[in-house]
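Notes follow once the structure below has been shown.
The values are calculated or read from the model by the stated rules, or taken from the named source; none is laboratory data. All values derive from a computational prediction rather than experimental measurement. No Cβ is skipped: glycine too gets one built from the backbone with ideal geometry, and neighbour counts run over all protein chains shown.
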Amino acid sequence: MASSLIIGTRGSRLALVQAHSVARDLEAGSDDLSVEVRVLTTKGDADRDASLDTFGGEGVFVKELERALVAGEIDAAVHSLKDLPTSLPGGLAIASVPERVDARDALISRGGAGLADLPQGARVATGSPRRRAQLQHYRPDLRFAGIRGNIDTRLKKLAAPDGPDAIVLAVAGLQRLGWTDRISEILSPEVCMPAVGQAALAIETRENDRPTLEAARRIDHLQARQAVTAERSFLHRIGGGCHTPVGAWGRIEDGSLVLDAVLAADNGEWIVRQSLRGRPEEGADVGRRLAEAVLDQAAQADPTRPNDQAAQADPTGPSRPSRPSTESQ
């Protein structure tokens, strides 16, 4: 067992809370293990004003961490799983998925109003195509604006005199920061399906670093891993660009894996929602089969949309196809 290791993280308040939580769990799960947290600046963090679209969307919150991992500067990287591209650099693997928290989205409004009670034509700020498309479908009158920055930055923008009427954030981030009192409404997945991997963490390590792998696997949560395996398999088969409005939510209920998913038009004009049950250990297959059904239905809703984006790799293995999240929080 490793006697000490260094884990890398982004420098945001939330990222640090997550990394230190993982560090404590690693130390608690292993005898005589000391864990150091090292902060690295990612491309997505270095320029907080530009739209994430301008970065190309390719792992903007993880590449610097992965570079340091490959170079041996750190032993493990702690990511918000939804930020982690489904294609990992050669020699790296997701060693552990700790227990997941609430995967849903939250609406935070100026006056505390819920989604249905926002005024006609209210301006909602979100940088997520997934959130925007689903909320536009639910309430076509809403107006949308982009927003960047960490959770605390976005909350300040909401409070500004020229700020939006509401913003949408992941419940998990607010929960981990102790800010759930700011939430006006937790959005049902039937209204706003979460992003793939939302509320889950990933500990990424080198495949040949057995001591770190063993330490990380001690805090792996089987049900969380099974759920996100299904979600990532679904996303893999869906394909599309990194800004595709797509979401999925897996969980274990009564011994079965339940996977819900959504695919929408950019403007919310049409939306496809489907669900599938299967065995927890067959998450990759459940995700693939659900994606096939969703693609078939989407082709009927929008005949111009291609539905033959076949998968290129096994999404349960260490090398996965690439489709990162564009949602930093």
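Some observations on this one:
- Residue check for Val171: within 15 Å of the chain's Cα centre (by Cα), buried (at least 18 other Cβ atoms within 10 Å of the Cβ) and not assigned by TED's automatic domain parsing to the domain that holds Glu269: yes
- Count of the stretch 11-40 residues which are of a type in the set (A, V, I, L, M) and assigned to a helix (DSSP H, G or I): 9
- Filtering the stretch 62-82 to residues that are among the aliphatic types (A, V, I, L, M) and either assigned to a helix (DSSP H, G or I) or modelled with pLDDT of 95 or more (or both) leaves Leu65, Ala68, Leu69, Val70, Ala71, Ile74, Ala76, Ala77, Val78, Leu81.
- Qualifying residue in the stretch 150-160 (condition: closer than 27 Å to His79 by Cβ, among the acidic types (Asp, Glu), touching a residue at least 12 places away in the same chain (Cβ under 8 Å) and assigned to a helix (DSSP H, G or I)): yes
So that you can scan it fast, the table gives a plain yes or no per residue for (1) within 30 Å of Ser4 (Cβ to Cβ); (2) free of Cβ contacts under 8 Å to residues at least 60 places away in the same chain; (3) hydrophobic (A, V, I, L, M, F, W, C):
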| site | (1), (2), (3) |
| --- | --- |
| Pro164 | no, yes, no |
| Gly173 | yes, no, no |
| Leu177 | yes, no, yes |
| Gln198 | no, no, no |
| Leu201 | yes, no, yes |
| Glu207 | yes, no, no |
| Ala224 | yes, no, yes |
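- Checking each residue in the stretch 122-181 for being more than 16 Å from Gly111 (Cα to Cα) and of a type in the set (Val, Ile, Thr) picks out Thr126, Ile147, Ile151, Thr153, Val171.
- Screening Arg48, Arg24 for residues that are modelled with pLDDT of 95 or more and basic (Lys, Arg) leaves exactly one candidate, Arg24.
- Evaluating Glu58 against the criteria (1) under 18 Å from Ala202 (Cβ atoms); (2) surrounded by fewer than 20 Cβ atoms within 10 Å (Cβ to Cβ); (3) at pLDDT 95 or above leaves one unmet condition, (3).
- Single residue of Arg131, Arg176 found to be in contact with a helix residue (DSSP H, G or I) (Cβ under 8 Å, 6 or more places away or on another chain), basic (Lys, Arg) and buried (at least 17 other Cβ atoms within 10 Å of the Cβ): Arg176
- The stretch 170-185 - residue that is touching a Ser or Thr at 6+ places or on another chain (Cβ under 9 Å) and not acidic (Asp, Glu) and, of those, nearest to His20 (Cα to Cα): Arg176
- Screening Asp141 with (1) surrounded by 17 or more Cβ atoms within 10 Å (Cβ to Cβ); (2) at pLDDT 95 or above; (3) more than 22 Å from His221 (Cα to Cα); (4) not β-branched (Val, Ile, Thr) gives one miss only, at (1).
- Within the set Gly247, Gly268, Gly255, the sole residue that is at positive phi, outside the structural domain of Ser128 (by TED's automatic domain parsing), in contact with a Pro (Cβ under 8 Å, 6 or more places away or on another chain) and buried (at least 17 other Cβ atoms within 10 Å of the Cβ) turns out to be Gly268.
- Residue in the stretch 112-125 that is under 16 Å from the mean Cα position of the chain (by Cα), modelled with pLDDT of 95 or more and not in a loop (DSSP other than H, G, I, E, B) present: no
Table: residues versus (1) surrounded by fewer than 21 Cβ atoms within 10 Å (Cβ to Cβ); (2) in the same structural domain as Ala284 (by TED's automatic domain parsing); (3) touching a strand residue (DSSP E or B) at 6+ places or on another chain (Cβ under 7 Å).
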| position | (1), (2), (3) |
| --- | --- |
| Ile74 | no, no, yes |
| His79 | no, no, yes |
| Asp83 | no, no, no |
| Pro89 | yes, no, no |
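- Qualifying positions in the stretch 177-203 - among the aliphatic types (A, V, I, L, M) and either in a loop (DSSP other than H, G, I, E, B) or under 12 Å from the mean Cα position of the chain (by Cα) (or both): Ile183, Val191, Met193, Ala195, Val196, Ala199, Ala200, Leu201, Ala202
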